[in-house]
Structures are given as C-alpha cells and as structure tokens.
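Just below is one structure, and these are the notes that go with it.
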Amino acid sequence: MRLLKTGVDFFSGWLSTDIGIDLGTANTLVYSKGKGIIFNEPTIVALNTKTGQMVAVGTKAKEMYGRTPQHIEIVRPLVDGVISDFEVTEEMLTYVINRVRSEHRSIIAPRVLIGVPSGITNVEMRAARDAAKNAGARDVFLIEEPVAAALGAKLPIARSHGSMIVDIGGGTSDIAVLSVNGIVVSKNLRVAGDHFTNAITTYIRDQFKLHVGERSAEEAKVKLASIVDSEDGREMVLRGRDAITGLPREVVITESDIREAIAGHVDTLVETIRGLLERTPPEVLADVMQRGIYLSGGGAQIPGLTSLLEDVLKVPVIVVPDPLRAVIRGIGQVIEDIHTYEEILIQNEGELSPTLED
Ligand SMILES: Nc1ncnc2c1ncn2[C@@H]1O[C@H](COP(=O)(O)OP(=O)(O)OP(=O)(O)O)[C@@H](O)[C@H]1O
Ligand SMILES: [Mg+2]
C-alpha cells in the first residue's frame, strides 16, 4: 500500500504540478512548484464585448487602460481583496493555469493553493475555490494572506511567540498577530492602495478642478506619496481634463498635495493597527514589542510610514525585503512542502478539506 502510494505520488508529481496563486486586487503572482515565481502581472483583463473573448491579460491589459475602443472593456475582477466579477476571474485563472500546464507539459490537472484576505465570508471563500476549480484545478486549498506574508517574511509563526504582520495591498490592509501557526487576532481593513489612488483623484478634482485618469493618479501616488517631506521637494506634472471647460490641462502636483489627499486613509490605517494591538493578549503583545511589526504589500513602500507607525505605536516597524512578493514567497514555501504546512491552510468552510493525497 505504502509502495503504491509512493508510486502514485511520484507519477502525479511528474505528470501534474502544484501551483500557488496570490490573487491580489492589484497584482496576481503565480508560483509553480520547483520553478518559483513564473507570473507577476496586474490583475486586469481586457475583454471584447462583442465576442466576450479575452483579448489581453495583465500588463498588456493595463497598458490599454483608458485607451480602448468602444468594443473593448477593461475589467479589474477583484475589488477590496475579493472576487467581484466571477466569470472574468475564472477566465484569468484559466489563462494562468493553462500557461503553467503547457510549460510543465503536465497531463494531470494541478492542485492550486490560493491566498485570500483574512476574515472573508464563506461565500467569498467559496467563490475563490469555485473560480479555481472551474479554471481547471484538481483540488483547491486556501491560505490566509497575512499567514502567507508572515511566512514569506520568515517570521517564526510556528513557535509560541507572537509575530505581527501588516500587508498593505491594493484593496485591503490585512493586519494580523500570529502565533503557533494560527491567527491570534486580525483585522481586514478595506483601506489600501486603491483607496489612496481614489483619494488622490478626488483631491485633484476638488482642489485643481481637473479630472485625471486612474493610471495617472496611481503614478502620482507611487512617485510622490510620503509621510514627511523629502529633501528635494518632489513634484510632477499631471495631465487631465479641465472640469469646467472640458479641455486638456496640466497641473504641477507636489508631495504635500499627495500627503494631504491620503492623510485620512493613513490615519485610519494607523488607528486600526493601534486598535488591534489593544486587542492583543499581553504575552503576545510583549513578543510583538520586542520583535517589531512587519510591513508587506505595495503600500509598505510609502516613505516615512515606518517612522510614523513607530512614533504613534512605540513599537519597532520593519518593511519586509521585496514587500510586493512576501505573500507569494510564503505561498511558494507551502507549495514546496505542503504536508508540513497542512495545519495552517484554511479548512473547507465547515466541510471536509480535499485530502492532500488525492
Ligand atoms: N512605491 C509605492 N508607494 C505607494 N504605493 C505603492 C507603491 N508601489 C506599489 N504601490 C501600490 O501597492 C498596491 C499594490 O500592492 P499589492 O500588489 O501588494 O496589492 P495586491 O496584493 O494586489 O492587493 P490585495 O492584497 O489588497 O488584494 C497598488 O495600489 C499600488 O499602487
Ligand atoms: Mg496582496
């Protein structure tokens, strides 16, 4: 029996593959067992509305943003960390899974591990599971993104020692305190990069009477967002449409404009982290105070955010190296050795999980 099972594992490992997916609101990253990260592109799809066909995915689709003819629609299938357009998510996952399968020349459908925000509803989890199944996964396993981010940050989450991670993505900021392979307390705040970008669009419309596209607003955020002034006083030119005349116009935006635009959201983030620290049991809190709070996700890169958090919370704050890939690194770690990490995967919404041996 044991021999038979080893044989099956060997063959299914050879003919099939295991894939890990960080299905983010802004970016999708895919890890293929034995190969590493093989896909890292925006979670954006371009659709032909006449035929319903997908015409571009990822970077190519993002380049089309705001510049498409009438019959092409650009869709961002995730909103606030969860699937909002099920069919398009399924199409994107199908594309990704087929790509991995053709590269591996695998005959058997892959097992897929997907990262989901902490504390999402069963319906939202079910949607992620079903989308991956319909896209061709043999079995689907789920992991909470902050758990994956903590693994990717090499935090010792298996030990009985508290670790804290704040993953500031595009749609959600996932804040979690972990110990002994589980979440002690967590908060999934739907304020993150996309909300910062939207706040910038609104600010420029209100203050400068200028309509700018989402891509321009995001570019301004990435270039200029900071918590304190830089020494060189950064600024940039933004082009858009005058809200009154309707004609093209440009304005010069400074880093203090961007700071003012996102200040409310930054406050919410800081206060939410403080609130979670207040709910953290004392022993675990002592560990966090000693070890520090780790930041991951694209939003972790805002200059000065660590110092602001340190000032307010009186705890050391550290940005994880290569913060945009922390979640997929953790997912990859699990994929390479899924039996060891079985305990930290999400159980199947009250039903039996697919067994790892399947
Ligand atoms: N240097 C930067 N400064 C500020 N924001 C940045 C920077 N680089 C990227 N971002 C923002 O980070 C976000 C993307 O981060 P990330 O890839 O971690 O999100 P995601 O995983 O797709 O989303 P989520 O986890 O919320 O579903 C975008 O909103 C992007 O604009
Ligand atoms: Mg993410």
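Nothing in this text is a laboratory measurement; each read-out follows from the coordinates by a stated rule. Model, not experiment: these values are computed from the prediction. FYI the Cβ positions are ideal-geometry reconstructions off the backbone, even for glycines, and counts take in every protein chain you see.
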Given the candidates V212, V237, P248, the one whose Cα lies deepest towards the positive end of the charge dipole of region 193-261, counting +1 at each Lys or Arg C-beta and -1 at each Asp or Glu C-beta, is P248
Here the net charge surrounding V191, from other residues whose Cβ is less than 13 Å away from its Cβ (Lys, Arg +1; Asp, Glu -1), is -4
Measuring from its Cα centre, the chain shows a charge dipole (+1 at each Lys and Arg Cβ, -1 at each Asp and Glu Cβ) which, in debye to the nearest 20, is 780 debye
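Tally Lys/Arg at +1 and Asp/Glu at -1 over every other residue whose Cβ is under 11 Å from the Cβ of G36; what's the total? Numbers along the way, then the final one.
Details: positive: K33, K35, R325, R329; negative: E336.
Result for the local shell: +3.
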So the angle from the long Cα axis of helix 193-208 to the longest Cα principal axis of the chain, reported in degrees to the nearest 10, equals 10 degrees
Longest principal axis of the chain (C-alpha) makes with the long axis of helix 122-134 (C-alpha) an angle, in degrees to the nearest 10, of 70 degrees
Rg from C-alpha atoms of region 263-305, normalised by the globular rule of thumb 2.2 N^0.38 Å, equals 1.29
Using alpha carbon centers only, region 319-337 is separated from region 124-140 by a whole-angstrom value of 21 Å
Given the candidates T340, S179, A56, the one whose Cα lies deepest towards the positive end of the charge dipole of the chain, counting +1 at each Lys or Arg C-beta and -1 at each Asp or Glu C-beta, is A56
For the chain, longest principal axis from Cα atoms; helix 214-224 axis from its Cα atoms; angle between them, nearest 10 degrees, is 80 degrees
Going residue by residue through region 176-183, the Karplus relation 6.51 cos²θ - 1.76 cosθ + 1.60 with θ = phi - 60° gives ³J(HN,Hα) values, rounded to whole Hz and with x marking Gly or Pro, of 8, 10, 10, 7, 6, 6, x, 8
Within the chain, pairs of Lys residues whose Cα atoms are less than 22 angstrom apart, provided they are eight or more positions apart or on distinct chains, add up to 14
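Find me the longest stretch of the chain that has none of the exposed trypsin sites (Lys or Arg not before Pro), where exposed means in a DSSP loop (not H, G, I, E or B) with at most 10 other Cβ atoms within 10 Å. Intermediate values should be presented prior to the final figure.
On the way: sites that count: K50, R67, R105, K314.
Result for the longest clean stretch: 106-313.
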Computed about the Cα centre, the charge dipole of region 228-358 from +1 Lys/Arg and -1 Asp/Glu charges at the Cβ has a magnitude in debye, to the nearest 20, of 480 debye
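Mind sorting M92, M236 by how few other Cβ atoms lie within 10 Å of their own Cβ, fewest first?
Working: M92 27, M236 15.
Ascending Cβ contact count within 10 Å gives the list M236, M92.
Stokes-Einstein at 4 °C, 1.567 mPa s, Kirkwood radius from Cα pairs: D for region 193-261 in µm² s⁻¹? Mind showing how you got there, number by number?
Working: Rh = 11.9 Å.
Diffusion coefficient, whole number: 109 µm²/s.
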Cβ density ranking, 10 Å radius, fewest first, applied to L247, L276 yields L247, L276
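To the nearest 20 debye, what is the magnitude of the charge dipole of region 236-291 about its Cα centre, counting +1 on the Cβ of each Lys and Arg and -1 on the Cβ of each Asp and Glu?
Numbers: 7 positive and 10 negative charges, 44 e Å.
Dipole size: approximately 220 debye.
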Residues whose built amide H sits under 5 Å from the amide H of R234, excluding neighbours closer than 5 in sequence, are E255
For the chain, the Cα-Cα pair-distance distribution in 10 Å bins from 0, as whole percents, is 5, 23, 30, 24, 13, 4, 1, 0
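How charged is the neighbourhood of N134? Take every other residue with its Cβ under 14 Å from the Cβ of N134, and add Lys/Arg as +1 and Asp/Glu as -1. The partial results should precede the final answer.
On the way: positive: R126, R129, K133, R138; negative: D85, E87, E90, E91, D130, D139.
Charge balance in the 14 Å sphere: -2.
State the Kirkwood hydrodynamic radius of region 162-204 in Å, one decimal place, computed from all pairs of distinct Cα atoms.
Values: mean 1/r = 0.0882 Å⁻¹.
Mean inverse Cα-Cα distance, inverted, gives 11.3 Å.
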Reduced to Cα centres, the span from region 191-226 to region 237-288 in Å works out to 10 Å
